[in-house]
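The values are calculated or read from the model by the stated rules, or taken from the named source; none is laboratory data. Keep in mind that what you see is a predicted model, and the values were worked out from it rather than measured. So basically every Cβ, Gly included, is an ideal-geometry build from the backbone, and we count neighbours across all protein chains shown. Heads up: the accessible areas ignore ligands, DNA and RNA and are worked out on the full protein's heavy atoms, side chains in. Shrake-Rupley method; radii C 1.70, N 1.55, O 1.52, S 1.80 Å.
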There are 2 protein chains.
Amino acid sequence: MSDQPVQPPEQGAEGEQKSKKQLQREKKEAEKAQKKQEHQQGQKQQQQQQQQQVVQEEDNCVGRYGDLSLIQSQERTQRKWIKVGDIDQTLVNQVILVRARIHNSRVKGKLAFLVLRENYNTIQVVAEKGEFASAQMLKYMSGIPLESVVDIEALVKQPNKEILSCTQKVELEVRSIKVVTRSLPMLPFQIEDASRRITDFEDGVQEQKQEEPQQKQEEVQQKQEKQDKTEKQQIQVMLKTRLDNRVIDLRTPAKQAIFRVQSGIGLLFREFLVENGFIEIHTPKLIGGTSEGGTNVFKLKYFNQDACLAQSPQLYKQMCLMADYDRVFEVAPVFRAENSNTHRHQCEFISMDIEMVIKEHFTELLDLMGDLCIYMFKGIEKRYQKEIEIISQQFPFEPFKIPEPVLKLTFEEGVKMLHEAGVNQDPHDDLDTVNEKTLGKLVREKYGTDFYILHRYPKKARPFYTMPCHDDPNYTLSYDFFMRGEEIVSGAQRVHDPELLIKQIKEKGIAVEPLKDYIDSFRYGAYPHGGCAFGLERVAFLYFNLKNIRNACMFPRDPVRLFP
Amino acid sequence: MSDQPVQPPEQGAEGEQKSKKQLQREKKEAEKAQKKQEHQQGQKQQQQQQQQQVVQEEDNCVGRYGDLSLIQSQERTQRKWIKVGDIDQTLVNQVILVRARIHNSRVKGKLAFLVLRENYNTIQVVAEKGEFASAQMLKYMSGIPLESVVDIEALVKQPNKEILSCTQKVELEVRSIKVVTRSLPMLPFQIEDASRRITDFEDGVQEQKQEEPQQKQEEVQQKQEKQDKTEKQQIQVMLKTRLDNRVIDLRTPAKQAIFRVQSGIGLLFREFLVENGFIEIHTPKLIGGTSEGGTNVFKLKYFNQDACLAQSPQLYKQMCLMADYDRVFEVAPVFRAENSNTHRHQCEFISMDIEMVIKEHFTELLDLMGDLCIYMFKGIEKRYQKEIEIISQQFPFEPFKIPEPVLKLTFEEGVKMLHEAGVNQDPHDDLDTVNEKTLGKLVREKYGTDFYILHRYPKKARPFYTMPCHDDPNYTLSYDFFMRGEEIVSGAQRVHDPELLIKQIKEKGIAVEPLKDYIDSFRYGAYPHGGCAFGLERVAFLYFNLKNIRNACMFPRDPVRLFP
């Protein structure tokens, strides 16, 4: 196992152009981290010097500490490893075995304290010079770099005074400690620093909209730096640094909790749908012609043919319905070549798509989707109390208000509320992000809800496959769901008549020919139907108010980020 | 609703070059279908002539039949539609409402018989001239094209004699019939023809391996044509025709059942893993550099950067483990630019990936994965009896034999069995498809199982991230799972030591630099781990012995197919 010094994170690997200000800020950040680590190392050296006096003593703990050789399936013992999160009062006075990371360590004279971390759980470990810990063993312990993985055998003890800094309220008295794998001594940043309560500082960094003039960007940066300094000189790990070293950042407690909840959101989504007679489908992401005739697609060569990546499973999920799978869903990545550098756009994200036949009215769909949302939100609250608590320590958020029945407003009612508040809004055009947020605030004030449905969008704002309203051709049988003023779901009744479909495709100026297979699927008996799509990351991002969607995606993709 | 004649399926849209033989065969097929439809239409005309005598009679059923206007959310009544599959003895003497397709229709004098189909369920409908059916109404009914979607109100009746041709054993006496949407009168092929018991004929068509010389391909085709003629002149719908008109083909009962079971396989997979502490992750499909340093990747431009599509989530799922998510799974598409035109390769398929930490030995993983397979196979059998029955009508298969405990053989033991059977096999090289199948047969004969695990593959046969055996560097801690002699799962313990990893990357002649983020993820304390990947389509394809993997994928992608 080599202990070579850490490589500085490679710069420019992602083709990002850094501004001078950015470089300066990063340099400062690096210097701070360096100083901190030097300080820590200084302490360590001091400790080591103290201990050098004792290395000559006889070692009564030979075999109780040391580095394990590479684990390569040499043997399978019947030993049981206990998870950190499962070590509690019920195990007091038992000797247990645990494998975890060293989250923190300090040696005070004849005492060594470690904190072990597994997922988001932590436990305190003590070793006191004596029968179970020789001077040599204490020295060895103090030399293990943070984040290394260790196997520790220890006695579970009730501590003399309550442990506030760990999740587990019992402590471990070491019997043996073996290093499974060592970490490099210097990390790209400290887990502790990356776990601090988030400030607006971090949120703003990535939000450099292309529309914004350079001058304004620099103003924002200056403001950020000022804010940085007032944060009691605490190190702030910038979003870019986190994302460049994502594996380390994902180890922070809030991230550990976020992605556990996110897995649960997918489960809740499926549970509800399967219970309601839906089946899961898988449709191709490699598409011939042009996906939905739209722009913003990633293009590629498929052997000798021209192909693109699916912007959504829209056309395919509708074709599945025409193939008699009457209620379907799909959870899969979708791809958008939009050059949008905002806090809520991604070039690849997980779309949770739904499509179902309806008998008469698109409210059949709308009601079911409302129930699905309630099921998911209540499920998160019920199943993930611990995770919610952990996330809120880093990303404080107001509880999500969702009175029942779910509030439904028409687009025209929404426009009226905006007009009454003195906001300009064309009743026949889409809402922009600012007006969406404003309307969200107005709705919260008036109706006390963080979640509502806006329906009957203007025709101009919706894609060609949207069914127009029978009573007003300027509006459509479509809807969006909003959480905290931002869209998480978009849906509609679809056109199931091939001639009307062709008419609408032409009206949008899209070529009909590449859509032939899709259009033809409605020619052999078509079921009236509708559907919608949830953005998985958006649900988590807005439920927990994570400020930036990148906090809800393990390895995000935006116009400048393709690594790691 | 236009009733324009059906467009002939567009030729060459997929850039496929058709051989003369192929064109001839397709022409014959089309002629047969044409004749059949003409025959049917002839019958219809005769019926209509008979009925013309009566059109002048008074119509006592006005308002009980006709085409509905476009369903556009005009109103929402409180009517309940019953699913065809739910209409049984318990509803006898009740008037119910059903929406379904017309699967079949015939008029005999004053009697009209329809068969309605919804998903894979069918029910007989009768109308007799009298109080509930006028001559005009019978005429209207006889003119509705097959596959049209209708709303029928009807009295549920116990039939005089058992109905053998439908899934539902009661019949419906019409009260009203409304066409929701009409099908074009001529279909690309008949559902009935596409539902016939599969013969080797169909299987062979797509299997035109590039390696095979043109002459051999033509021999195969001649054999197929001969076979075709001997099949009592029944129309065989070729795989290509099915795939070109996939929405129609997916309506056949076996396909309806296959994709319902496939959705269930995904559920069973998740259930087991969630129960065992795994979380679901989502990793990017757009990858910077080269995915796993391998060949056979689809390349594309990502804004100004070079990118490719993920061949697998391998590197990312391992990085998730290094980020302390200790048990993860992902169900997502993967992309392989392999020019393989075989019965079991696809260029895009659903990979069900698993990765987990292990404490000591890769059998921890292997045992759990064996249990997972048992859980899935038993779950299919238990939950999908009806679907299994339906699938076996078109794709007859021998029940899947899987004695417990799961049979585990080492690669060396497998090689020995092959050698004893007189088959050549290099003990240090991978099995090819033929030897895999042969070994499958030998194993079935000797151990009576359709499912077994082969482990300790030679180093040459496995990727760079595979952990070598500690006792023999020529072999690895890897394994494949086989169903009916074909691979469904591939997995291994992985290398978690960065220096060993770099050594193995170099040995395979792969560039180290693009893998930097991945390699670095093992530098900050690494957990020993392993994992595997299931091909979702392969599980369904081999469980049901569907002959061709395209029968287990809704919209398959192979080197020549990118549409629909």
Wholly enclosed strands (runs of 3 or more DSSP E) of the stretch A:242-327 bearing at least 1 residues more than 7 Å from chain B (Cβ to nearest Cβ) and over 30 Å from B:Thr252 (Cβ atoms)
A:299-302, A:305-309
Can you tell me how many residues in the stretch A:68-114 are over 25 Å from B:Pro498 (Cα atoms), within 26 Å of the chain's Cα centre (by Cα) and crowded, with 21+ Cβ neighbours inside 10 Å?
1
Residue list for the stretch B:544-553, filter: more than 10 Å from chain A (Cβ to nearest Cβ) and part of a loop (DSSP other than H, G, I, E, B):
B:Phe544, B:Asn545, B:Leu546, B:Lys547, B:Asn548
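Okay, residues lined up against (1) open to solvent by less than 20 Å² (accessible area, probe 1.4 Å); (2) not hydrophobic (A, V, I, L, M, F, W, C); (3) not in a helix (DSSP H, G or I):
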| residue | (1), (2), (3) |
| --- | --- |
| A:Phe329 | yes, no, yes |
| A:Gly370 | yes, yes, no |
| A:Ile380 | yes, no, no |
| A:Pro399 | no, yes, yes |
| A:Pro403 | no, yes, yes |
Inside the stretch A:481-517, can you point out the residues that are within 25 Å of A:Phe397 (Cα to Cα), touching a strand residue (DSSP E or B) at 6+ places or on another chain (Cβ under 6 Å) and either open to solvent by less than 10 Å² (accessible area, probe 1.4 Å) or among the basic types (Lys, Arg) (or both)?
A:Phe481, A:Phe482, A:Met483, A:Ile488, A:Val489
Looking for something modelled with pLDDT of 95 or more, facing chain B (nearest Cβ under 9 Å), within 25 Å of B:Glu147 (Cα to Cα) and out of contact with any Phe, Trp or Tyr (no Cβ under 8 Å at 6 or more places or on another chain) - is there at least one such residue anywhere in the stretch A:463-474?
no
Might you let me know whether the stretch B:356-379 holds any residue that is of a type in the set (Phe, Trp, Tyr) and in contact with a Ser or Thr (Cβ under 7 Å, 6 or more places away or on another chain)?
yes
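Let's see how each residue does on (1) free of Cβ contacts under 8 Å to residues at least 24 places away in the same chain; (2) more than 26 Å from A:Asn339 (Cβ to Cβ); (3) surrounded by fewer than 21 Cβ atoms within 10 Å (Cβ to Cβ):
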position	(1), (2), (3)
B:Glu280	no, yes, no
B:Pro284	no, no, no
B:Tyr302	yes, no, no
B:Ala307	yes, no, no
B:Gln311	no, yes, no
Looking at the stretch B:328-344, which of the residues that are within 9 Å of chain A (Cβ to nearest Cβ) and of a type in the set (Gly, Ala, Ser) is farthest from B:Leu268 (Cα to Cα)?
B:Ala337
Just the residues that are within 28 Å of A:Val357 (Cα to Cα), of a type in the set (A, V, I, L, M) and open to solvent by less than 10 Å² (accessible area, probe 1.4 Å), please, taken from the stretch A:238-278.
A:Ile265, A:Leu268, A:Leu273
Just to be sure before I move on: is B:Gln311 in contact with a helix residue (DSSP H, G or I) (Cβ under 8 Å, 6 or more places away or on another chain) and at negative phi in the structure I sent?
yes
Facing another protein chain (nearest Cβ under 9 Å) and open to solvent by less than 10 Å² (accessible area, probe 1.4 Å), is that true of A:Pro556?
yes
Scanning the stretch B:286-300 residue by residue, those among the polar types (S, T, N, Q) and either open to solvent by 10 Å² or more (accessible area, probe 1.4 Å) or at pLDDT 95 or above (or both) turn out to be B:Thr290, B:Thr295, B:Asn296
Only one of (1) of a type in the set (Gly, Ala, Ser); (2) surrounded by 23 or more Cβ atoms within 10 Å (Cβ to Cβ); (3) under 30 Å from B:Leu184 (Cα atoms) is not met by A:Gly535, so which one is it?
(3)
Would you check which residues across the stretch B:345-362 are under 24 Å from B:Pro468 (Cβ atoms), among the aliphatic types (A, V, I, L, M) and facing another protein chain (nearest Cβ under 10 Å) and list them?
B:Val357, B:Ile358
Given the criteria surrounded by fewer than 23 Cβ atoms within 10 Å (Cβ to Cβ) and over 20 Å from B:Lys255 (Cα atoms), does B:His361 qualify?
yes
Filter the stretch A:410-442 for residues that are of a type in the set (Asp, Glu) and under 32 Å from the mean Cα position of the chain (by Cα); which is least open to solvent (accessible area, probe 1.4 Å)?
A:Glu436
Among residues of the stretch A:539-553 being surrounded by fewer than 24 Cβ atoms within 10 Å (Cβ to Cβ) and either among the charged types (D, E, K, R) or farther than 14 Å from A:Met483 by Cβ (or both), the residue modelled with the lowest pLDDT is A:Lys547
Residue list for the stretch B:174-183, restricted to those being open to solvent by less than 10 Å² (accessible area, probe 1.4 Å) and either in a loop (DSSP other than H, G, I, E, B) or more than 10 Å from chain A (Cβ to nearest Cβ) (or both):
B:Val174, B:Ile177
Just to be sure, is B:Tyr447 under 19 Å from B:His361 (Cα atoms) and in contact (Cβ under 8 Å) with a residue 12 or more places away in the chain?
no
Say we look at the stretch A:331-347 and pick out the residues that are touching a helix residue (DSSP H, G or I) at 6+ places or on another chain (Cβ under 9 Å) and either polar (S, T, N, Q) or not in a strand (DSSP E or B) (or both); which of these is surrounded by the most Cβ atoms within 10 Å (Cβ to Cβ)?
A:Gln346
For the stretch A:136-162, name all the residues that are more than 16 Å from A:Val95 (Cα to Cα), open to solvent by 10 Å² or more (accessible area, probe 1.4 Å) and either in contact (Cβ under 8 Å) with a residue 12 or more places away in the chain or acidic (Asp, Glu) (or both).
A:Gln136, A:Lys139, A:Tyr140, A:Gly143, A:Pro145, A:Leu146, A:Glu162
